[in-house]
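To keep things clear, I will list the structure first and then write my remarks on it.
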There are 2 protein chains.
Amino acid sequence: MTDRAAKARKQGSDMSADIIDGKAFAAKVRGQIAGQVARMKADHGITPGLAVILVGEDPASQVYVRNKGTQTLEVGMHSYEHKLPAETRAEDLYALIDRLNADPAVHGILCQFPVPAHLSETEIVARIDPSKDVDGLHVVNAGLLASGQRAMVSCTPLGCLMLLRDRLGSLSGLNAVVVGRSNLVGKPMAQLLLRDSCTVTIAHSRTKDIAAVCRGADILVAAVGRPRMIPGDWIKPGATVIDVGINRVDAPERGPGKTRLVGDVDFDSAKEVAGAITPVPGGVGPMTIACLLANTLTACCRIHGLPEPDGLTA
Amino acid sequence: MTDRAAKARKQGSDMSADIIDGKAFAAKVRGQIAGQVARMKADHGITPGLAVILVGEDPASQVYVRNKGTQTLEVGMHSYEHKLPAETRAEDLYALIDRLNADPAVHGILCQFPVPAHLSETEIVARIDPSKDVDGLHVVNAGLLASGQRAMVSCTPLGCLMLLRDRLGSLSGLNAVVVGRSNLVGKPMAQLLLRDSCTVTIAHSRTKDIAAVCRGADILVAAVGRPRMIPGDWIKPGATVIDVGINRVDAPERGPGKTRLVGDVDFDSAKEVAGAITPVPGGVGPMTIACLLANTLTACCRIHGLPEPDGLTA
């Protein structure tokens, strides 16, 4: 739904939330990145480069890597794809990472996960130069984020932050509740909201009266991975709801054996209460690759001692 | 006040909190450490060693370093003190740190802060091997803590955690509110409480209606550095209150020009509401050196591939 359609709909009923169009916003972010990349080329003769490593032939990973490569080129960056056979030895993968770490044309490095079982994701991430770790997975980046320093921030929470800032402007003093405490989303999301001066609560499976905790949230970020676990009556009227969950569920109404994607929030009841809400799909999801490109541009600026890209970092 | 005195007092009035005796608890922790150090010597022939670096002649720092040295020896560890002149060059300090990093007799390294202005605390900490960073200040330790891995945890939040576990047993599902978001205390404290499955809220100067936020806390940790900012009527009846603040205030009642130490919590009104509370002084403070020794033992165990010391780690 477009912004205009959402607003028209809201006028028809005060009870219905604005639908945050992540696909449109991600396209806008990519446009900003493309503009900054063009200026960087013109002013400094530098083209940001992103290297993506794919080990093996997982079909979903192949699609992701292809999409990343396409969007990397579209914003004017260089894309380097390294496709290795499934049986690649760890030392050969590490040798490739070492070469990319040392390559001045490469500003971002990511290895598409999952990798085959004989390889260790933790060790792969640890091998990547933290300043080129555009997925924000390295323990040094977690530490920089946790201590309020300049980090590479993992793409999904960064995308959520951008959506929130775009919607709300300053987040200072708002009550933010993050449901879920994963290393990939929940914990870095809490750090980012704290850095923007929210009062931050992290709730999870052990939380008592989670409904009441959620009802206190001006900003509610759901990152649990349980389909539709958060109903509308857990949501404060007017709250901004960011749904990170992407869960595949049976959809017999679409035909026998059919499935569909739903979030961690029960969209139909939540949209009657929230002030704004991200849909699934089409909300947070499209922001992830946009933030990967934003991080690559940020890494490039930092490596070259240039100012941070405008509006694209935490 | 002893535990017994606190209990007797509580029996006299249901409204008065147990006073958590940090001095007595720290002595107990040091006793546990001494026992484990003795066993480590007997079973493995290993004596944990702590190296403390002091640059310059700050009088307060000299007292701290002396106390650390005394307590290190008392628990049966080796203490190595390196006192350098105030004008020590950075490269000479780094060379010393490099030697200590490589020295198998040294399991913990700390540099007493503040250092003279020509030296960078950030760079000093970055130079210390994270596995020997017993102050838990290195960015790698912040990252390990933030991602739920085995870290060196900074001493004050670790001490608070030990007091809480001793008082409450399992913390799972309790509502914890941390007031203050410093890198040294507030943020690592929140990580530790989250790891112990509390529902964690971080409040700070931008928090709206901080009184109401505090009133929701089963566990309230105050780490702001503002004398007596938290009055009794911000506290949930029966809550456990940990007061990290150490603020020096005028005490004209003690005579002209006299001062005294107070916490971030208004002790007199808070103790009428809380279930238990740490006093200032004598609460969290004495735990800090005990946790430094605990971390040195932990570092020694990890370096030698031995099991974590019992009850002394996060």
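Provide a single number: the residues in segment B:33-49 that are within 17 Å of the chain's Cα centre (by Cα) and either open to solvent by 10 Å² or more (accessible area, probe 1.4 Å) or within 23 Å of B:Ile97 (Cβ to Cβ) (or both). First the steps, then the outcome.
Of the residues in segment B:33-49, the ones within 17 Å of the chain's Cα centre (by Cα) are B:33.
Then keep just the ones that are either open to solvent by 10 Å² or more (accessible area, probe 1.4 Å) or within 23 Å of B:Ile97 (Cβ to Cβ) (or both); that gives none.
Here the count works out to 0.
Which of the residues that make up segment B:289-314 are charged (D, E, K, R), more than 14 Å from B:Val29 (Cα to Cα) and not in a helix (DSSP H, G or I)?
Narrowing segment B:289-314 to residues charged (D, E, K, R): B:302, B:308, B:310.
Narrowing further to those that are more than 14 Å from B:Val29 (Cα to Cα): B:302, B:308.
Answer for segment B:289-314, where residues must be charged (D, E, K, R), more than 14 Å from B:Val29 (Cα to Cα) and not in a helix (DSSP H, G or I): just B:Glu308.
Exactly one condition in (1) more than 14 Å from B:Cys301 (Cβ to Cβ); (2) of a type outside the set (Phe, Trp, Tyr); (3) surrounded by 15 or more Cβ atoms within 10 Å (Cβ to Cβ) is not met by B:Ala24; state its number.
Every condition holds for B:Ala24 apart from (3).
Regarding B:Val262, is this residue more than 14 Å from the chain's Cα centre (by Cα), β-branched (Val, Ile, Thr) and surrounded by 24 or more Cβ atoms within 10 Å (Cβ to Cβ)? Steps first, please.
Numbers: more than 14 Å from the chain's Cα centre (by Cα): yes; β-branched (Val, Ile, Thr): yes; surrounded by 24 or more Cβ atoms within 10 Å (Cβ to Cβ): no.
Spelling it out, it is not the case that B:Val262 is more than 14 Å from the chain's Cα centre (by Cα), β-branched (Val, Ile, Thr) and surrounded by 24 or more Cβ atoms within 10 Å (Cβ to Cβ).
Could you count how many residues in segment A:225-280 are touching a residue at least 12 places away in the same chain (Cβ under 8 Å) and either outside the structural domain of A:Val213 (by TED's automatic domain parsing) or among the β-branched types (Val, Ile, Thr) (or both)?
So the count comes out to 14.
Looking at segment B:130-182, which of the residues that are under 16 Å from B:Leu110 (Cα atoms) and of a type in the set (Asp, Glu) is nearest to the other protein chains (Cβ to nearest Cβ)?
B:Asp133
Enumerate the helices (runs of 4 or more DSSP H) found wholly within segment B:144-216, keeping only those where 2 or more residues are closer than 19 Å to B:Gly283 by Cα and either among the aliphatic types (A, V, I, L, M) or assigned by TED's automatic domain parsing to the domain that holds B:Glu121 (or both). So that I can check it myself, show each step before the final result.
Details: elements: B:155-168, B:186-195, B:210-215.
Of the helices (runs of 4 or more DSSP H) lying wholly inside segment B:144-216, those with at least 2 residues that are closer than 19 Å to B:Gly283 by Cα and either among the aliphatic types (A, V, I, L, M) or assigned by TED's automatic domain parsing to the domain that holds B:Glu121 (or both) span B:155-168, B:186-195.
Only one residue in A:Asn101, A:Asn141 is more than 21 Å from the chain's Cα centre (by Cα), polar (S, T, N, Q), outside any loop (DSSP other than H, G, I, E, B) and modelled with pLDDT of 95 or more. Which one?
Details: A:Asn141 fails: more than 21 Å from the chain's Cα centre (by Cα).
Of the residues listed, the single one that is more than 21 Å from the chain's Cα centre (by Cα), polar (S, T, N, Q), outside any loop (DSSP other than H, G, I, E, B) and modelled with pLDDT of 95 or more is A:Asn101.
Can you name every residue in segment A:120-129 that is within 13 Å of chain B (Cβ to nearest Cβ) and open to solvent by less than 40 Å² (accessible area, probe 1.4 Å)?
Result: A:Val125, single match.
Checking the condition within 14 Å of chain A (Cβ to nearest Cβ), under 24 Å from the mean Cα position of the chain (by Cα) and of a type outside the set (Phe, Trp, Tyr), which residue from B:Ala217, B:Ala274 passes? Talk me through it step by step, then tell me what you get.
Numbers: B:Ala274 fails: within 14 Å of chain A (Cβ to nearest Cβ).
On inspection, the qualifying residue turns out to be B:Ala217.
Can you pull out every residue in segment A:130-139 that is touching a Pro at 6+ places or on another chain (Cβ under 9 Å) and open to solvent by 30 Å² or more (accessible area, probe 1.4 Å)? I'd like the intermediate steps shown before the answer.
So the first thing to find is which residues in segment A:130-139 are touching a Pro at 6+ places or on another chain (Cβ under 9 Å), and the list is A:136, A:138-139.
Across segment A:130-139, the qualifying residue is only A:Val139.
Go through segment A:241-288 residue by residue and tally those that are assigned to a loop (DSSP other than H, G, I, E, B) and either aliphatic (A, V, I, L, M) or in contact with a Ser or Thr (Cβ under 8 Å, 6 or more places away or on another chain) (or both).
Keep residues of segment A:241-288 that are assigned to a loop (DSSP other than H, G, I, E, B), which gives A:244-246, A:251, A:255-258, A:263-264, A:266, A:271-275, A:278-286.
Restricting the remaining residues to those that are either aliphatic (A, V, I, L, M) or in contact with a Ser or Thr (Cβ under 8 Å, 6 or more places away or on another chain) (or both) gives A:244, A:246, A:251, A:263, A:271-275, A:280, A:284.
Result for segment A:241-288: 11.
Within segment A:228-247, restricting attention to residues that are within 18 Å of A:Thr156 (Cβ to Cβ) and touching a Gly at 6+ places or on another chain (Cβ under 7 Å), which residue is most open to solvent (accessible area, probe 1.4 Å)?
So, considering only residues that are within 18 Å of A:Thr156 (Cβ to Cβ) and touching a Gly at 6+ places or on another chain (Cβ under 7 Å), the one most open to solvent (accessible area, probe 1.4 Å) is A:Ile246.
Run down A:Ala126, A:Ala34, A:Ala86, A:Ala51 and say which single residue is in contact (Cβ under 8 Å) with a residue 24 or more places away in the chain and part of a helix (DSSP H, G or I). Quick ask: steps written out before the conclusion?
Values: A:Ala126 fails: in contact (Cβ under 8 Å) with a residue 24 or more places away in the chain; A:Ala86 fails: part of a helix (DSSP H, G or I); A:Ala51 fails: part of a helix (DSSP H, G or I).
Testing whether each residue is in contact (Cβ under 8 Å) with a residue 24 or more places away in the chain and part of a helix (DSSP H, G or I) leaves just A:Ala34.
Restricting attention to segment A:205-222, report how many residues are touching a helix residue (DSSP H, G or I) at 6+ places or on another chain (Cβ under 8 Å) and open to solvent by 10 Å² or more (accessible area, probe 1.4 Å). Spell out how you get there, then give the answer.
At the first step, the residues of segment A:205-222 found to be touching a helix residue (DSSP H, G or I) at 6+ places or on another chain (Cβ under 8 Å) are A:207, A:210-211, A:214-215, A:219-221.
Next, only the ones that are open to solvent by 10 Å² or more (accessible area, probe 1.4 Å) stay: A:207, A:210-211, A:215.
Number of matching residues: 4.
So for segment A:147-154 (the condition being without any contact (Cβ under 8 Å) to a residue 40 or more places away in the chain and open to solvent by 30 Å² or more (accessible area, probe 1.4 Å)), does at least one residue qualify? Give the derivation first.
Going residue by residue through segment A:147-154, those that are without any contact (Cβ under 8 Å) to a residue 40 or more places away in the chain are A:147, A:149, A:154.
Subsequent filtering for residues that are open to solvent by 30 Å² or more (accessible area, probe 1.4 Å) retains A:149.
Yes: segment A:147-154 contains one or more residues that are without any contact (Cβ under 8 Å) to a residue 40 or more places away in the chain and open to solvent by 30 Å² or more (accessible area, probe 1.4 Å).
Kindly indicate whether any position in segment B:177-191 is more than 24 Å from A:Val153 (Cβ to Cβ) and open to solvent by less than 10 Å² (accessible area, probe 1.4 Å).
Yes: segment B:177-191 contains one or more residues that are more than 24 Å from A:Val153 (Cβ to Cβ) and open to solvent by less than 10 Å² (accessible area, probe 1.4 Å).
The values are calculated or read from the model by the stated rules, or taken from the named source; none is laboratory data. Keep in mind that this is a model prediction, so the values were computed, not measured. For neighbour counting, all protein chains shown are included, and Cβ atoms are generated from backbone atoms with ideal geometry for every residue, glycine included. These area figures cover heavy atoms from the full protein model, side chains too; ligands, DNA and RNA do not enter into them. Shrake-Rupley method; radii C 1.70, N 1.55, O 1.52, S 1.80 Å.
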